[in-house]
Amino acid sequence: MHIKSLLVLAFAVNVISVNQASSQVLVTYNFEGATGREPTVSGVEASAVTASDFTLVGTNISTSTDTAFVTTNLTANDQGGALAMARYFGFTLTATDAPLKLTTFTIEFGGNATTGNSFTSNILVQSSIGGFGGDKPVLSVTPSDFLVSGSSRTFVTGVVDISGSEFLNLSSIEFQIRFFDNADDANFVDRLNNVSVSAATVPEPAALGLISVFAGIFLIRRSVRRKEALTQG
């Protein structure tokens, strides 16, 4: 095999290994444990990140229901009002080794009303990249609202859009989560049931390493043959 062919093959294997990067859940907040604020850090990249305890500003956690919550009498009834309030949930992720490459962010949200009643729970997410507050961008969440009906706790999973390049190669990032709704009742509750963030993981390019070894052997043998040919000539 010619050197050029070896180099082309090595490059192809490298491209394939990068394109096969997978996504694994990196950090989860399920509101269980002693205080309910502790994160669960998992996956092959677990050692590469430090996750803060879940932040509560004017909000709370119920260890009996394993949810983070705020009652609707304390929330705003529109986006502008919610962003203007110092009442939110949050967390911070900090890279400890290589930069973070975030891929997926999901929030299981909803809540409960009372028997025979309902309200619409709306969720807002901002990051430290765009900033916080009423004049700062809000991340897209699909879906961003959910009809809560009855006294049983019900939830929907919202997917937060973090597909932009600004969420790659991060040294640190903070997220803030807010609710607004069309209710004003201390017995109606907006809740978070689960929050998780995934990050990209790239498999080890083992094949590329083998090709590099074979290429090195080939070059050494070729060099030896040339020297032998010159000696015999």
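The figures follow:
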item: Table column - 3J(HN,Hα) (Hz), segment 122-136, Karplus curve with 6.51, -1.76, 1.60, x for Gly and Pro; result: 10, 10, 10, 10, 10, 10, 5, 5, x, x, 10, x, x, 9, 10
item: Normalised per residue, the volume of the convex hull around the Cα set of segment 19-202 (Å³); result: 105 Å³
item: Within-10-Å neighbourhood charge of ASN122 [Cβ basis; K, R +1; D, E -1]; result: -3
item: Derived scalar couplings ³J(HN,Hα) [segment 77-82; Karplus, 6.51 cos²θ - 1.76 cosθ + 1.60; whole Hz; x for Gly, Pro]; result: 10, 8, 5, x, x, 5
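Read-outs: derived from the displayed coordinates by stated rules, not from any lab. Quantities reported herein were computed from a predicted structural model and do not represent experimental measurements. Here the Cβ is made from the backbone with ideal geometry for all residues, glycine too, and neighbour counts use every protein chain on show.
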